[in-house]
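Here the structure comes first, spelled out in structure tokens, and everything after it is commentary.
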Amino acid sequence: MTLEHIEQRRIERVTRGMPTEDGAGVKLTRLIGTPEIGDIDPILMLDNFGSDDPNVYIAGFPAHPHRGFETVSYMIAGSLRHKDNKGGEGVITDGGVQWMTAGRGVVHSEMPAQTSGLMFGFQLWLNLPAAEKMREPWYRDIPAAQIPQIDLGAGVTAKLIAGRWNATVGPGPERETAPFIADVALPPQGAVSIPVPGGHAGFAYVFQGKAALGPGGARRELGKGELGVLSAEGGLTTVAGSDGARLLIVAAKPLREPVAKHGPFVMNTQSEIRQAVSDYQRGLF
Ligand code: CO
């Protein structure tokens, strides 16, 4: 292998997202799924919620439907209870993940299982290929203890939620989009090359400290609360600032299919959206 074949990803664009509300009035920051960044195929949405004021989160996300994609919730701090009408139920706490494949349709609620203290986490929407949009719904809790923490040396660690990093395989389910989801922590000035799978589209989101990403000469510094969209091929060189850094890295294989979105339904055509609304209104979820 010669040097020119060792490609490295660059940061193509940067967003700080937009403040919004969802559920019964939970305040959050939407980073993907905005007028600025509609999606990063097949990543449809990323929300970051974070507050130590229960008034901001206590109302939660009462019962609502989904069809045609998957939701992945990752709690860094706090507790969230999931319950759906297909028998899926669980509470995730500090460091846990809940993975719900809505498929043909579920009605679920996601409510805080705490009345005080910090709640900080993410919800990601991943698209399903056309052939899987009407599959049976699926749900799994992944407690923190089931998420491998990889020691990468010199104080750098990665929690691998989905995908493969060296010999480690994350607990996320196998999907056609082959998601890679990692929570990477670096000490001050720590460095790592993140093995984002070839051909995957994705992002890096800094939620603590600062990090410079990309190859030398095209390195881009992201501060806390900034999300960088990655270019197409190669690993992602990451160097933390003087306070260290913590990043959420998500990448997945693009579907390159038409996307028709309407609120909690994500299909391929408008007529499938009309069908979803009608099926939900007739109680077929
Ligand atoms: Co939901």
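Give, rounded to the nearest 20 debye, the magnitude of the charge dipole that the chain has about its Cα centre when Lys and Arg contribute +1 at Cβ and Asp and Glu contribute -1 at Cβ.
Rounded to the nearest 20 debye, it is 220 debye.
Go through segment 73-79 residue by residue and turn each phi into a ³J(HN,Hα) via Karplus (6.51, -1.76, 1.60, θ = phi - 60°); whole Hz please, and just put x for glycine and proline.
Values, residue by residue: 10, 10, 8, 7, 8, x, 9 Hz.
By its C-alpha gyration tensor, with a ≥ b ≥ c as the square roots of the eigenvalues, how is the chain shaped: rounded for a/c under 1.5, else prolate for a/b larger than b/c, else oblate?
Because a/c hits 1.5 or more and a/b exceeds b/c, the chain counts as prolate.
Can you find, among L255, T157, A167, the residue sitting farthest towards the positive end of the charge dipole of segment 11-281, where Lys and Arg contribute +1 and Asp and Glu -1 at Cβ?
L255
Is the shape of segment 1-68 best called rounded, prolate or oblate, per the rule: a/c under 1.5 gives rounded, else a/b larger than b/c gives prolate, else oblate, with a ≥ b ≥ c the square roots of the Cα gyration tensor eigenvalues?
Here segment 1-68 falls in the prolate category.
Solvent-accessible area per residue for segment 232-285 at a 1.4 Å probe radius, Å²?
Ligands and nucleic acids excluded, the result is 49 Å² per residue.
Taking 7 Å along the Cα-to-C-beta vector as the label spot, tell me the V277-T168 distance in nanometres, rounded to one decimal.
With each label placed 7 Å out from Cα toward Cβ, I get 4.5 nm.
Could you derive backbone 3J(HN,Hα) for segment 208-214 from the dihedral phi with the Karplus parameters 6.51, -1.76 and 1.60 (θ = phi - 60°), listing whole Hz in sequence and x where the residue is Gly or Pro?
9, x, 9, 8, 9, 10, x
Could you check how much of the accessible area of the chain is carbon and sulfur, as a whole percent, using a 1.4 Å probe?
About 49 percent, which is the carbon plus sulfur part of the accessible surface.
Note the full-extension length gain between W138 and S242 as 0.36 nm times their separation in residues minus their Cα-Cα distance, in nm to one decimal.
33.2 nm
In terms of the Cα gyration tensor, with a ≥ b ≥ c the square roots of its eigenvalues, is segment 13-110 rounded because a/c is under 1.5, prolate because a/b exceeds b/c, or oblate?
oblate
Which entries in the list K224/K253; K159/K224; K27/K86; K159/K253; K133/K261 go over 22 Å, if you measure between the two C-alpha atoms of each?
Over 22 Å Cα-Cα: K224/K253; K27/K86.
For segment 1-133, with every protein chain kept in place, what is the accessible area per residue (1.4 Å probe, Å²)?
Dividing the accessible area of segment 1-133 by its residue count gives 42 Å².
Give the angle, between 0 and 90 degrees and rounded to the nearest 10, that separates the Cα long axis of helix 270-281 from the longest principal axis of the Cα atoms of the chain.
60
Does anything in segment 96-126 have its amide N under 15 Å from the 7 Å Cα→Cβ label point of A63, and if so which residues?
Answer for segment 96-126: 106-111.
The values are calculated or read from the model by the stated rules, or taken from the named source; none is laboratory data. It should be emphasised that the depicted structure is a prediction, and the values quoted were computed from it without experimental measurement. Cβ sites come from the backbone with ideal geometry, for glycine too, and all protein chains shown count toward neighbours. The accessibility values were calculated without ligands, DNA or RNA, using every heavy atom of the protein model including side chains. Shrake-Rupley method; radii C 1.70, N 1.55, O 1.52, S 1.80 Å.
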